[in-house]
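The values are calculated or read from the model by the stated rules, or taken from the named source; none is laboratory data. Quick caveat: nothing in here was measured; it's all calculated off a predicted structure. Note: ideal-geometry Cβ built from the backbone for every residue, glycine included; neighbour counts use all protein chains shown. The accessibility values were calculated without ligands, DNA or RNA, using every heavy atom of the protein model including side chains. Shrake-Rupley method; radii C 1.70, N 1.55, O 1.52, S 1.80 Å.
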Amino acid sequence: ELKEIVFVIQSQSNSFHSKRAEDLKRDILKQAVDLGRELPTVLLIHQIDRHEGAWTILPLMRDFSVTYGRNSSWIFFCEEDTRIQVMKLLETLRRFDKSKEWFLGKALYDEESTIIHHYAFAENPTVFKFPDFAAGWALSIPLVNKLAKKLKSEPLKSDFTIDLKHEIALYIWQKGEGPHLTPVPEFCTDDVNSYKADHCATTFSNFLPLCGEPANKEDVFVAVKTCRKFHGDRIPVVKQTWEREAALIEYYSDYADISIPTIDLGVPNTDRGHCGKTFAILERFLNHTSPRTPWLVVVDDDTLISIFRLRKLLSCYDPKEPVFLGERYGYGLGTGGYSYITGGGGMVFSRTAVQKLLASKCRCYSMDAPDDMVLGMCFSGLGIPITHSPLFHQARPMDYPKDYLSHQIPVSFHKHWNIDPVEVYFTWLAPNSEESRNGKKVGYNREDL
């Protein structure tokens, strides 16, 4: 029965995201009413605030087991942009024996071993399947109860959360002792209007959010972190690719090179983290740019980014809110810990967020501390949640499953390692790749990569 399904929406507290999640919740409940069914439970992750790591889901298993273990059959997880046909979902779940342990989803797999999965299954990465969260995924209550029991006796390791969907699948698999992901063809990421979507219980709105006019070019200040040893190879790539999309851009280095030009912030280069340099950039943004410039983007010199698309995305966010946006990672979330925006994919700050951060006493514990993690700690301490977008990427396109990227219009990738970064930019990020003339795609073909 529908009342036996607990829907869990991977929501966020930022006003744009929370509204989308509330809309989805309303839609699920309206479908239930229209079907004349008893209402299911619909939970929003960001409202389950007893735990900083709620978004990583595993810490919630014991609560789910205690609260829903007796009267429910399934926990169904989805993203705020997942669209659900409730009746079809019910029919799909009925095919599976609810008294058994099931882990259901749309299967993704790595085509080659990748750093973001710690090179897992290096001999044949295609053997291990993990769920595409955009399509929705489900756990049967017997499996939830089993996971809750295991978590009670073996607490989660306080480690990094880098790619949640892969890490959850690994945890459930238990080195072969637990269930594998069972692929469900009705869990889809096709667009709701696609001819392929007829058989789907779930679909996904695969677009770049646009909530009005894109942010003005002059509203986005771009700070590029570099150092003398990379002036010759990385900076020319920026200049050949995305620099022209930025109206306001400065390069910060340990050496003033007028040919670029770079600005020496007086912070020596470090081989490890760049906390001192990043905080100097934040101070400079607050004190030396127009107070009317609402957005700051901090990128590495080997970040490939579409400022054109970012301006569209920023139309959905209110710069009067303290916004800290990018790809979310976590540290120590099994035991509290904090979330942070990983730096390589680009970190986006509203001026309000920078003001609140610098007004606090939170600073680097050393000049070479990892800047992104220190920022995560600081914002966590200030009670300012970070805002995740899957359109920012800490790694290269080939480090992600093709099927995962197929329902994205990406904003950034990171690293020049073993790729032609100019080719990657024009294939994946250049404005022409979807805003092309006469409907023809301009640039390289993604499949060639």
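Quick look at the values:
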| read-out | value |
| --- | --- |
| Separation of the S99 and F207 label points, Cα + 7 Å toward Cβ, nm | 4.7 nm |
| Assigned charges on the beta-carbon of Lys, Arg, Asp, Glu; the chain dipole about Cα centre (debye) | 960 debye |
| Cβ-based net charge around P319, under 9 Å, with every Lys or Arg adding one and every Asp or Glu removing one | -1 |
| Lys/Arg +1, Asp/Glu -1 at C-beta; the chain dipole; positive extreme among N124, S194, L2 | L2 |
| N418 versus K320: modelled label distance in nm, points set 7 Å from Cα along the beta carbon direction | 4.9 nm |
| Listed residue pairs exceeding 25 Å between alpha carbons, taken from K165/K415; K129/K225; K100/K149; K239/K356; K25/K356; K88/K402 | K129/K225; K239/K356; K25/K356; K88/K402 |
| The stretch 352-399 - charge dipole about Cα centre, Lys and Arg +1 at Cβ, Asp and Glu -1, debye rounded to 20 | 220 debye |
| Descending semi-axes in Å of the stretch 254-312, equivalent ellipsoid built from Cα gyration tensor | 21, 16, 13 |
| GNM flexibility winner over the chain from Y338, Y425, Y171 (Cα, springs under 10 Å) | Y171 |
| Carbon/sulfur fraction of accessible area - the chain, other protein chains in place, 1.4 Å, % | 51 percent |
| The chain - mean residue ellipticity at 222 nm from DSSP helices (-39,500 (n - 2.57) per run, n ≥ 4, rounded to 500) | -8000 deg cm²/dmol |
| Sorted peptide list for 188-198, 267-277, 118-128, criterion being average Cβ within 10 angstrom, highest first | 267-277, 188-198, 118-128 |
| Debye log10 I(q)/I(0) for the chain, one point scatterer per Cα, at q = 0.06, 0.10, 0.11, 0.12 Å⁻¹ | -0.26, -0.74, -0.90, -1.07 |
